[in-house]
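Beneath this line is the structure, given in structure tokens, with notes to follow.
The values are calculated or read from the model by the stated rules, or taken from the named source; none is laboratory data. Just so it is clear, the model here is predicted, and its values are computed rather than measured. For neighbour counting, all protein chains shown are included, and Cβ atoms are generated from backbone atoms with ideal geometry for every residue, glycine included. What goes into the accessible areas is simple: the full protein's heavy atoms, side chains included, and nothing from ligands, DNA or RNA. Shrake-Rupley method; radii C 1.70, N 1.55, O 1.52, S 1.80 Å.
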Amino acid sequence: GLVDYCFSTVTFEHIPRDVLQAILQEFRRVASPTAVMTHFIDLSDHYSHFDRSITPYHFLRFSGRTWRLFNNRLLFQNRLRISDYRQLHEHAGFEILSEVNTTGTAAQIAAIRIAPEFSHYSPADLRVTSSMMVSRPRHS
């Protein structure tokens, strides 16, 4: 309970979900009752940052099996969506105080065929390309 502030910048999207859950649980364990966390998360396909022929949603086209061919240890992308990050925070015992999201257009999402594993997400969820999340320990 000694840590008052924890932050990350474009880091969470590079960590596998199970490892990220463990990290957030550890943050919760060491957080003081008045601690605050801020995390800037880039939810876009990072290849789109330098390949202008693809959109920030390009990686949502691929099944997990196919994505493993493109994903690698040097530029690992977990492809979690904003609702997944909310859920990770909740399960680790944090409440989100603020969430400022950047989104693309509905037309960009409609223009690609989304892989079946992303079909349960709402279009609004899929459209988020970045988020600044601020949270604190949830008090029972």
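For segment 1-55, the candidate set comprises residues that are among the charged types (D, E, K, R) and open to solvent by 50 Å² or more (accessible area, probe 1.4 Å); within that set, the residue that is farthest from R68 (Cα to Cα) is D4. With the condition kept exactly as written, say whether any residue in segment 20-32 is in a strand (DSSP E or B) and touching a strand residue (DSSP E or B) at 6+ places or on another chain (Cβ under 6 Å). The answer is yes, given that some residue of segment 20-32 is in a strand (DSSP E or B) and touching a strand residue (DSSP E or B) at 6+ places or on another chain (Cβ under 6 Å).
Being within 17 Å of the chain's Cα centre (by Cα) and open to solvent by less than 60 Å² (accessible area, probe 1.4 Å) is the filter here; which residues of segment 112-127 pass it? Selection gives F118, Y121, S122, D125, L126. Looking only at segment 94-111, residues that are crowded, with 16+ Cβ neighbours inside 10 Å and of a type in the set (S, T, Y) come to 1 in all.
For segment 25-74, which residues satisfy the criterion of being under 30 Å from L2 (Cβ atoms), among the polar types (S, T, N, Q) and within 18 Å of the chain's Cα centre (by Cα)?
To start, the set of residues in segment 25-74 that are under 30 Å from L2 (Cβ atoms) comprises 25-42.
Subsequent filtering for residues that are among the polar types (S, T, N, Q) retains 25, 32, 34, 38.
Within segment 25-74, Q25, T38 qualify.
Checked against (1) open to solvent by 30 Å² or more (accessible area, probe 1.4 Å); (2) at pLDDT 95 or above; (3) more than 25 Å from Q25 (Cα to Cα); (4) assigned to a helix (DSSP H, G or I), H91 passes all but condition (3).
It is to be established whether one or more residues within segment 109-116 are touching a residue at least 24 places away in the same chain (Cβ under 8 Å), under 23 Å from G64 (Cα atoms) and in contact with a strand residue (DSSP E or B) (Cβ under 6 Å, 6 or more places away or on another chain). Scanning segment 109-116, I find no residue that is touching a residue at least 24 places away in the same chain (Cβ under 8 Å), under 23 Å from G64 (Cα atoms) and in contact with a strand residue (DSSP E or B) (Cβ under 6 Å, 6 or more places away or on another chain), so the answer is no.
A quick yes/no check of all residues on (1) open to solvent by 70 Å² or more (accessible area, probe 1.4 Å); (2) out of contact with any strand residue (DSSP E or B) (no Cβ under 8 Å at 6 or more places or on another chain); (3) assigned to a loop (DSSP other than H, G, I, E, B):
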residue: L60; (1), (2), (3): no, yes, no
residue: F76; (1), (2), (3): no, yes, yes
residue: R86; (1), (2), (3): yes, no, no
residue: T129; (1), (2), (3): no, no, no
